[in-house]
Amino acid sequence: MKSAVETLNPTRVRLTVEVPFEELKPSLDAAYKKINEQVTVPGFRKGKIPARVIDQRFGRGAVLEEAINDALPKFYTDAVNEGELNVLGQPDVDITEFNDGDELKFTAEVDIRPTIEIPDFSGIEVVVDAVEVSDEDVEKSLEQLRDRFASTTPVERPAADGDVVVVDLEASVDGKVLDDGVASGVSYTIGSGQLLDGIDEAVIGLEKGGSATFTSELKGGTAEGQQATVKVDVTDVQERELPALDDEFAQLASEFDTLEELREDSRTRLERMKSYDQATQAQEKVLDALIELIEVPIPEKLLQDEIGTRVHNLEHHQFPQMGLTWDSYLEAEGKTREEYDADLEQQAVKGIKTQFILDELVNKEKLSVNQEELTEHLMRRAATSGMTPDQFAQAVVEGGQVPILVGEVARGKALAVVVEAAKVTDTNGEVVDLADEDEDEDASGGETVEPAAADAVADGEPEATEKA
């Protein structure tokens, strides 16, 4: 076999391959064997039909076609390896010349990873938010905790904002009650926005036993997206009562004996959260600065595939789960479809550049991933997926996704190398030492910057993996 590589552009090549006919013999033998196992010819046992009989009965062309289909992947892979190419996706193959007994000639056009030069990135400087926790932040945190321990008491008065009402609902479209539009005993906190649009205005002012109707767009069910007339009957009105903010509450809501201890713990937790947010912000800004330093050609087919995948996930996974349509989604985003498509392309381009650059850094820095790092990353990914670690691990293994997780961790380590080399200051002009923050957070059981980087580069990136 002979092969040659022609560079069409920085991200695409054309392979020209010539295969002598004798090198097709193993595939021809396999083709005859396969056909032998599939057909029956009177006078011959199955699997024992001579090649000449198969040629006479089914045509030599059918055998040659089967042989070529079997042989092409191998010869293509050999040509890729011979050319030392890092290919992306599947090739476009064209058989340019082939006659029985003569050599096979074909071309294969395929995207490749572009050659990337990593410049000196030690001069990157970014500014991030300072870690500041105010007294107001602490009090807000305590108020949220109080809200979780609120109790309710039935009242004989009209419902007001913040009350809990128990309601029966009946939705109708064009005067017909929907089979899946009836619900009883639904508890709803007025003002929470967690039910139908328009229900707050309908129930405020109603007492127990009161009724009202309102119009709302249905967010799910058989009439999703349609305007419905909704009848609401209030069967109970309950007033929410917050517990007093004192030592007794601290003992109820935490392991602390005093309110002051709970308040101090809340401050510590908020500082830890803001430190983690600061580290994540540093990673994002450093990554943006790194991307700006490097020219990265984008394979057009890879980009279109990535955009298509993201749109497919929206339409077939996220929209059904959230009860959205394109119209409602775009309205919530405050964008036209054209604006959304432009933003999506920009995000896809950034994702592809990020992967190419960090993969090159992994190779340059000779970074590897150990079992402990992979397990830690898997545990975090499982938590965000809503699956148990065992379920997530099983899904990853069965789906052949282990290399993807390894790549995510390796890229996270590459990004951590760049962040460590960069100068990071906060808005107060103070230098942020993320390495020190890692040690502090490790000691307190928090996240480290490096795993956070792995999660950051795992979010929304394409898998531009090599395929041969």
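The values are calculated or read from the model by the stated rules, or taken from the named source; none is laboratory data. For clarity, every value in this text was computed on a predicted model and none was experimentally measured. Note that we place each Cβ from the backbone using ideal geometry, even for glycine, and neighbour counts take in every protein chain shown.
A quick yes/no check of all residues on (1) in contact with a helix residue (DSSP H, G or I) (Cβ under 7 Å, 6 or more places away or on another chain); (2) surrounded by 14 or more Cβ atoms within 10 Å (Cβ to Cβ); (3) of a type in the set (Ser, Thr, Tyr); (4) over 30 Å from ASN9 (Cβ atoms):
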residue	(1), (2), (3), (4)
ARG263	yes, yes, no, yes
ARG269	no, yes, no, yes
LYS285	no, yes, no, yes
ALA289	no, yes, no, no
GLU295	no, no, no, no
ILE298	yes, yes, no, no
HIS317	no, no, no, yes
LEU330	yes, yes, no, yes
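PRO50 meets the conditions (1) free of Cβ contacts under 8 Å to residues at least 12 places away in the same chain; (2) closer than 21 Å to PHE106 by Cβ in every case but one. The failed one is (2). Within the bounds of segment 290-302, is there any residue that is assigned to a helix (DSSP H, G or I) and closer than 18 Å to ALA410 by Cα? Yes, the conditions are met somewhere in segment 290-302.
Looking only at segment 1-47, filter to residues that are touching a residue at least 24 places away in the same chain (Cβ under 8 Å), closer than 30 Å to GLU117 by Cβ and charged (D, E, K, R); which one of those is surrounded by the most Cβ atoms within 10 Å (Cβ to Cβ)? In this case the residue turns out to be ARG12. Could you tell me whether any residue of segment 335-353 is more than 21 Å from the chain's Cα centre (by Cα), polar (S, T, N, Q) and over 19 Å from PRO299 (Cβ atoms)? Within segment 335-353, one or more residues are more than 21 Å from the chain's Cα centre (by Cα), polar (S, T, N, Q) and over 19 Å from PRO299 (Cβ atoms).
Looking across ASP257, ASP233, one residue alone is acidic (Asp, Glu), over 30 Å from PRO119 (Cα atoms) and assigned to a loop (DSSP other than H, G, I, E, B). It is ASP257. Within segment 164-225, which strands (runs of 3 or more DSSP E) (wholly inside it) include 1 or more residues that are touching a residue at least 60 places away in the same chain (Cβ under 8 Å), surrounded by 12 or more Cβ atoms within 10 Å (Cβ to Cβ) and not charged (D, E, K, R)? Output list reads 164-173. With respect to the numbered conditions (1) within 24 Å of SER122 (Cβ to Cβ); (2) aliphatic (A, V, I, L, M); (3) surrounded by 18 or more Cβ atoms within 10 Å (Cβ to Cβ), which one is the sole condition not fulfilled by VAL431? Failed condition: (3). On the given criteria, is VAL286 more than 18 Å from SER141 (Cα to Cα) and not in a loop (DSSP other than H, G, I, E, B)? Taking the combined requirement at face value, the residue satisfies it.
Taken over segment 385-400, the criterion of being closer than 25 Å to GLN355 by Cα and either loosely packed, with under 15 Cβ neighbours inside 10 Å or in contact (Cβ under 8 Å) with a residue 40 or more places away in the chain (or both) is satisfied by SER385, ALA395, VAL397, GLU398, GLY399, GLY400. Those strands (runs of 3 or more DSSP E) of segment 63-151 in which at least 3 residues are surrounded by 12 or more Cβ atoms within 10 Å (Cβ to Cβ) and charged (D, E, K, R), considering only elements entirely within it, cover 104-112.
For segment 1-8, the criterion of being outside any strand (DSSP E or B) and either touching a helix residue (DSSP H, G or I) at 6+ places or on another chain (Cβ under 9 Å) or closer than 30 Å to GLY83 by Cβ (or both) is met by at least one residue. The residues listed here are VAL166, VAL128, VAL133; of these, the one that is at pLDDT 95 or above, under 30 Å from THR189 (Cβ atoms), in contact with a Lys or Arg (Cβ under 8 Å, 6 or more places away or on another chain) and not assigned by TED's automatic domain parsing to the domain that holds LEU28 is VAL133.
Inside segment 363-373, residues that are surrounded by fewer than 18 Cβ atoms within 10 Å (Cβ to Cβ) and either of a type in the set (Lys, Arg) or touching a residue at least 12 places away in the same chain (Cβ under 8 Å) (or both) make up a count of 5.
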